[in-house]
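What follows is a single structure, written as structure tokens, with notes after it.
Read-outs throughout are calculated quantities, based only on the coordinates presented, and are distinct from any laboratory measurement. Since the structure is predicted, the reported quantities are computational estimates derived from the model, not experimental observations. No Cβ is skipped: glycine too gets one built from the backbone with ideal geometry, and neighbour counts run over all protein chains shown.
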Amino acid sequence: MSDVIRFEDQVVIVTGAGGGLGRAHALLFAHHGARVVVNDLGGSTHGEGANASAADKVVEEIRAFGGTAVANHDSVTDGDRIVQTALDHFGRIDVLVNNAGILRDKSFHKMEDADWDLVYKVHVEGAYKTTHAAWPYLREQNFGRVIFTSSTSGIYGNFGQSNYGMAKLGLYGLTRTLAIEGRKNNILVNAIAPTGATRMTEGLIPSQVFEQLKPELVSPLVVYLGSAACQDTGGLFEVGGGWVGKVRWERSLGAGFDPKAGFSPEDVAAQWQRICDFEGAAHPADNVEALKEMMANLQKYAL
Ligand code: NAI
């Protein structure tokens with residue numbers, strides 16, 4: 001198939017692009033003609049230290065094949081500086097991939113405030129700061145694509161990742177609302193829950209599988225979501241190992257009680273099977289759809 005997805009006039013920021021998934025995203029965007037801001041603080045997986053060489057090396061890789069890129073070494077918690085780098089060097093910003101991340105895994109009873117706070121800061125505050133700084137420019141030009149990096153640990157939960165899971169599902173909440181707010185300005189916002197062999201997952205995934213989970217197998221989805229070809233917004237996509245799928249909410253049809261008469265915990269117990277029965281389940285796409293069953297119940301007992 002011909003290379004129809006191109007970014008010749010566009011500028012892409014990829015945060016945490018000095019290694020792992022972010023590096024693969026940055027390289028693929030550059031291969032497709034984008035001018036790329038390669039951001040990376042260059043710290044450890046646990047969020048300690050800083051090293052400019054991580055981002056610089058990826059910029060060199062991009063320039064080596066004739067691509068255009070510039071490094072930025074700020075933390076995503078100073079996201080306005082990353083956006084400023086894009087403006088200073090390239091005069092615009094079209095696509096933002098919020099990818100930077102760290103881990104501070106601990107079971108909840110051992111969790112310390114510092115672990116909770118730092119994970120929140122990098123993933124949630126960092127994505128907020130960078131996106132918030134880019135947002136006015138995306139609105140002004142009536143075009144933007146924003147990608148947030150969630151995780152199956154947020155969607156499904158994972159032992160030892162209460163801080164990380166909280167942050168990652170929080171990013172999906174942010175995705176949903178920015179998709180609503182951005183739509184009228186053609187700013188489309190999606191989230192991915194990737195799986196890839198990086199320093200973050202080394203030792204966590206059996207080595208035979210690990211070798212096959214190349215970060216490059218996540219990036220085609222990210223580049224598609226970053227392109228004008230993508231018209232989807234508010235989506236959440238699981239991706240890895242050469243497979244991509246979309247996730248959505250599912251809710252049972254539930255049980256209704258008379259709101260005027262009230263109902264007891266025993267009534268809830270009696271209806272528990274029905275409350276948890278997903279036969280014929282609904283897939284609410286927005287708040288209005290989500291509230292439909294509740295409104296129908298009010299109406300049913302209104303007379
Ligand atoms: P990685 O550790 O290889 O890459 C993360 C990059 O973010 C590093 O280069 C790091 O220096 C950078 N970074 C960390 N804190 C930063 C900060 N404050 N400011 C700027 N840069 C910072 O890990 P990986 O796996 O590539 O992770 C990328 C994203 O994907 C993360 O958000 C991670 O949580 C997410 N993810 C990865 C999964 C996987 O299977 N590898 C699974 C689910 C989510």
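Data table
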{"quantity": "Top-ranked residue in region 172-200 [being of a type in the set (Gly, Ala, Ser) and within 9 Å of the chain's Cα centre (by Cα); ranked as farthest from the ligand (Cβ to nearest atom)]", "calculated": "Ala191"}
{"quantity": "Which listed residue is over 20 Å from Val14 (Cα atoms) and surrounded by 16 or more Cβ atoms within 10 Å (Cβ to Cβ), from Gly160, Gly226", "calculated": "Gly160"}
{"quantity": "Residues being touching a Gly at 6+ places or on another chain (Cβ under 6 Å) and either free of Cβ contacts under 8 Å to residues at least 24 places away in the same chain or surrounded by fewer than 24 Cβ atoms within 10 Å (Cβ to Cβ) (or both) - total across region 184-195", "calculated": "2"}
{"quantity": "Residue within region 170-183 that is surrounded by fewer than 16 Cβ atoms within 10 Å (Cβ to Cβ) and at positive phi present", "calculated": "no"}
{"quantity": "Subset of region 229-257 that is out of contact with any His (no Cβ under 6 Å at 6 or more places or on another chain) and charged (D, E, K, R) - its residue that is surrounded by the fewest Cβ atoms within 10 Å (Cβ to Cβ)", "calculated": "Lys246"}
{"quantity": "Sole residue being within 15 Å of Gly47 (Cα to Cα) and either crowded, with 24+ Cβ neighbours inside 10 Å or within 16 Å of the chain's Cα centre (by Cα) (or both), chosen from Val97, Val122, Val146", "calculated": "Val122"}
{"quantity": "Residue check, Ala127 under 22 Å from Thr233 (Cα atoms), near the ligand (Cβ under 10 Å from one of its atoms) and in a helix (DSSP H, G or I)", "calculated": "yes"}
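For every residue, the table says whether it meets (1) within 12 Å of the ligand (Cβ to nearest atom); (2) over 25 Å from Met111 (Cα atoms); (3) among the aliphatic types (A, V, I, L, M).
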site: Gln141; (1), (2), (3): no, yes, no
site: Ser153; (1), (2), (3): yes, no, no
site: Gly170; (1), (2), (3): no, no, no
site: Leu204; (1), (2), (3): yes, no, yes
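Conditions (1) within 15 Å of the ligand (Cβ to nearest atom); (2) among the aromatic types (Phe, Trp, Tyr), marked per residue:
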{"site": "Val12", "(1), (2)": "no, no"}
{"site": "Ala17", "(1), (2)": "yes, no"}
{"site": "His31", "(1), (2)": "no, no"}
{"site": "Ala50", "(1), (2)": "yes, no"}
{"site": "Val58", "(1), (2)": "yes, no"}
{"site": "Phe65", "(1), (2)": "no, yes"}
{"site": "Arg81", "(1), (2)": "yes, no"}
{"site": "Phe90", "(1), (2)": "no, yes"}
